[in-house]
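Quick notes on the structure that follows.
None of the figures in this text is laboratory data; all of them are computed from the coordinates on show. The structure displayed is predicted, hence computed values, not measured ones. Using ideal geometry, Cβ is built from the backbone for each residue, glycine included, and neighbour counts are taken over all protein chains shown.
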Amino acid sequence: MSVKELLYHVEQVEFVYPDGTPALRGVSFEVWRGDRVAILGVNGSGKSSLLRLLNGLLEPTGGVVRFSGTPLTERNLNDPAFGRGFRQRVGFVFQDADAQLFNPTVWDEVAFAPRQMGLPEEEVRTRVADTLNLLGITHLAERAPFRLSGGEKRKVAIACVLSMNPEVLLMDEPIAGLDPRMQFWLVNTLKLLHEAGKTLLIATHNLHLLPDIADRVLILSEDHRLLADLSVEQALEDEQTLVDAGLLHEHLHAHGSTVHSHLHPHEHHH
């Protein structure tokens, strides 16, 4: 029986921005190879900050984030051996695709990271062609990214990460702002990536799609703490925790002389 690899060990992590704004308080959890984890919380709960810590873009102000046993510190990430390997193994898709796209054409955009890795040009061309084909965007290859629709930009941003063939995919609100057809495409793509062995960590506040994108849920509170680490089934049944996290709210409805209360997800208000 094979032993699963512990990828992330997050221990009592704190993060405070330079202006004093707290983002995370005492957060601890583990992620194993092949896990499919949703990071759930309202806007401002610390989801994006946590993903940036997991990607090494931020360094904790307290506690430690370890990847395969090595702390994600600026010093370790600047070490050529560890830093290069980490960047090849972990890919990050930002919430705002425009923050990720800056090359003159989609082809150049998707080729950028493999070229930065120093791969031979023939290998770069193969990776770009395979990735564009996988995501069904070969027809966009010569287009300028800034002229694409929002959904097309999201596909290109994902292609840029997949061209590195990372083991771990970190995604910040990937479903936000997508129309139903694009949501279906993305959910299906995430399923295929997980079946191919990718480890997925996806920040979201969309309760309805949880069963399709995750097996496990980390729920962040509005005061930046980890409220719960549950299976998707447990999380969706635990209404009180979802209310405490600000993800469900109570509406009162009158039916004749009787008043009923119903719980509603907050996601439509973001």
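Whats the longest run of the chain with zero GluC sites (Glu not before Pro) that are DSSP loop and have at most 14 other Cβ atoms within 10 Å? For GluC sites (Glu not before Pro) (loop position, at most 14 other Cβ atoms within 10 Å), the longest site-free span of the chain is 6-141.
Secondary structure note: in the chain, about 60% of the DSSP beta bridges are antiparallel. In this structure, the amide hydrogen of Q95, modeled 1.01 Å from its nitrogen in the peptide plane, lies closer than 5 angstrom to those of D172, counting only residues at least 5 positions away or on a different chain.
Between Q88 and K191, the simple label model (points 7 Å from Cα in the Cβ direction) yields a spacing of 3.2 nm.
The Cα atoms of the chain give a gyration tensor whose axes a ≥ b ≥ c have a/c of 1.5 or more with a/b no greater than b/c, which makes the shape oblate. Measuring between their Cα centroids, region 220-234 and region 68-132 lie 31 Å from each other. For L58, the residues whose amide H sits under 5 Å from its own are L53, ignoring neighbours fewer than 5 places away on the same chain, with H placed 1.01 Å from N. Here the Karplus curve 6.51 cos²θ - 1.76 cosθ + 1.60, taken at θ = phi - 60°, turns the phi angles of region 68-73 into couplings of 6, x, 9, x, 7, 10 Hz, with x standing for Gly and Pro.
Among the trypsin sites (Lys or Arg not before Pro) within region 123-153, not one is in coil by DSSP while having at most 13 neighbouring Cβ atoms inside 10 Å.
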